[in-house]
Amino acid sequence: MTCARTALLMLFRAVAPTLSVRLASHRTPPSKLRTNLHLASFNQVAKKVLRHFPTLGLLRRHPAPAKSQFGPLVSAAAAAGFEIRTNDSRALADSLDAAVRSEDP
């Protein structure tokens, strides 16, 4: 076991002592291990927030979608006779839901 893995294991046990932790095999991709550590830490933070603020709810605000990312979609929808609005996430979702051909549901 390398020193870095030992330190990581000790740090993880200090942050989340209630979780069972085992070292990943060498075949486990580092991205999967990192993802699992993130999920475990998010879980612990959520439990602590709930314990300290039981009457409050938290919502994550996402930024508005970047209009430059939807150029091909907007032009393809316009060619099919649909308008795709990318002002915010809600407008995007509503315009995608409305883009249905009656003859091809």
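FYI, it's all coordinate maths here, none of it is from the lab. Since we're looking at a predicted model, the values are computed, not measured.
What to note about this one:
- Multiplying the residue separation of residue 34 and residue 99 by 0.36 nm and removing their Cα-Cα distance gives an extension gain of 19.5 nm.
- Estimated at 0.36 nm per residue, the fully extended path between residue 77 and residue 51 surpasses their Cα-Cα distance by 4.6 nm.
- Taking θ as phi - 60° and the Karplus parameters 6.51, -1.76 and 1.60, the scalar couplings of the stretch 33-39 work out to 5, 5, 4, 5, 5, 4, 4 Hz in sequence order, x denoting glycine and proline.
- Normalised by 2.2 N^0.38 Å, with N the number of residues, the alpha-carbon radius of gyration of the stretch 48-105 equals 1.70.
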